[in-house]
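Worksheet: one structure, shown below.
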Amino acid sequence: MYDRSIPFGATIKWMKKETRDTWTYALRINDREIKKSYCFQPGQFNMLSLPGIGEAAISISSHAADHDLLHTLKVAGDVTTAISKMRAGDVIGVRGPFGRGWPMEEADNKNVIIIAGGVGIAPLRSVMRHLAARHRDRSGKVMIYYGAKTPKDIVYRDEFPRYRDMFSVFLAVDKADPEEYWKGEVGLVTRLLAKTSFDPLGTTVFICGPEVMMRATISDLLIRGVPGEKIYLSMERHMNCGMGICGHCFFGPKFVCKDGPVFRYADIADFLGLREV
Ligand SMILES: Cc1cc2nc3c(=O)[nH]c(=O)nc-3n(C[C@H](O)[C@H](O)[C@H](O)COP(=O)(O)OP(=O)(O)OC[C@H]3O[C@@H](n4cnc5c(N)ncnc54)[C@H](O)[C@@H]3O)c2cc1C
């Protein structure tokens, strides 16, 4: 096993522009031994680094069966801006995987709702890929709700038609784009949820997006009778070490990096400022 406190090198194989400010990078781990032993769970993250610039926590978006390690990042500050200027063949530092991911045992053969906003879909892509890979053999309904600012801001836009063949997919944008015909919903992702029916007691919900969106969504889910034990969310906090040492990402008494980033809502309700109804 390699030392997860030391970055290893990974070469950019290809990259894809998802939206005006979001790219997906496919990385190949350079060291053969590390490549062999590297494995992750959907919802875990890596610390991506560039010497002299810094490190940033970025979710793993690939599926275990994918050839490449995929990361989708939105340009936010120093590290993500520097990575957005890199090209195929350049090398990025990677530490990880870190954190607790999605409880996939709660998704297999059960009704699952996936709710994402913006680049919050990045840690849920591996869940969608996982469910799609088992699609023919699994029982239980999968519903995907995704909201973006405009149609041009939809991340993984080209992948949704495939998911539509297998799952119920609902897309919403805050604002339709006058240059583009949009036949989906205009409004918040919570509006999509309000329009559809599901079994509140027999469904597990995975959510990731801006905190304000997650709070509003959880509030609606609780009102509709989904128990707090069945709602999971991925939290975001600035972090340094990623390994539960520096304390930068404290969330109440919990470390987002080590106890999360995926938490069961019922376990963090008090820190999120939302109470069960
Ligand atoms: C578990 C996890 C998974 C994530 N996954 C993804 C992902 O898949 N894709 C993605 O695009 N992003 C993801 N993020 C968010 C990403 O880590 C942040 O956007 C990160 O700050 C980007 O680093 P940067 O150096 O580019 O930006 P930074 O230089 O960190 O700046 C980003 C913004 O944060 C502000 N900021 C800087 N330091 C602090 C601080 N200490 N406290 C508060 N604000 C500060 C800056 O002013 C700026 O507005 C994830 C975060 C976590 C915790």
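Read-outs throughout are calculated quantities, based only on the coordinates presented, and are distinct from any laboratory measurement. Computed from a predicted structure; not experimentally measured. Cβ: placed from backbone, ideal geometry, glycine included. Neighbour counts: every protein chain shown.
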Q.
Please list, in order along the range 52-66, the HN-Hα scalar couplings obtained from phi with the Karplus expression 6.51 cos²θ - 1.76 cosθ + 1.60 (θ = phi - 60°), rounded to whole Hz, x for Gly and Pro.
A. x, 10, x, 10, 9, 6, 9, 5, 8, 9, 7, 9, 3, 7, 5
Q) Across the range 104-272, how many lysine pairs, 8 or more apart or on two chains, come within less than 14 Å at their alpha-carbon atoms? A) 6
Q. Once you measure Cβ to Cβ distances between cysteines in the chain, which Cys have no partner under 4.7 Å?
A. 39, 208, 249, 257
Q. Once the convex hull of the C-alpha atoms of the range 8-98 is built, how many Å³ does it hold per residue, rounded to a whole number?
A. 89 Å³
Q | Dimensionless Rg/Rh of the range 121-231 - Kirkwood Rh, Rg from C-alpha atoms | A | 0.95
**Q.** Full-extension gain in nm, residue 2 to residue 215, via 0.36 nm per residue minus C-alpha separation
**A.** 72.9 nm
Q. What FRET efficiency, computed as 1/(1 + (r/R0)^6) with R0 = 30 Å and r the Cβ-Cβ distance, is obtained for residue 78 and residue 165, rounded to the nearest 0.05?
A. 0.15
Q. Among all the lysines, which ones have a C-alpha under 18 Å from residue 35's C-alpha, if same-chain residues fewer than 8 places away are not counted?
A. 13
Q. What percent do you get for the relative contact order of the chain when only Cα pairs under 8 Å and 6+ apart count?
A. 18 percent
Q. Going 7 Å from the Cα of residue 237 in the Cα-to-Cβ direction, what parts of the range 71-106 have a backbone nitrogen less than 19 Å from that spot?
A. 98-102
Q. Residue by residue through the range 33-49, which ³J(HN,Hα) values in whole Hz follow from phi under the Karplus form 6.51 cos²θ - 1.76 cosθ + 1.60 (θ = phi - 60°), with glycine and proline marked x?
A. 5, 5, 4, 5, 8, 6, 9, 8, 10, x, x, 7, 9, 10, 9, 9, 9
Q. With the calculation restricted to Cα positions, what are the radius of gyration and Dmax of the chain in angstrom?
A. 18.3, 53
Q: Would you kindly derive the ³J(HN,Hα) couplings of the range 183-189 from the backbone phi angles with the Karplus curve 6.51 cos²θ - 1.76 cosθ + 1.60 (θ = phi - 60°), listing them in order in whole Hz, with x for Gly and Pro?
A: 9, x, 6, 10, x, 6, 4
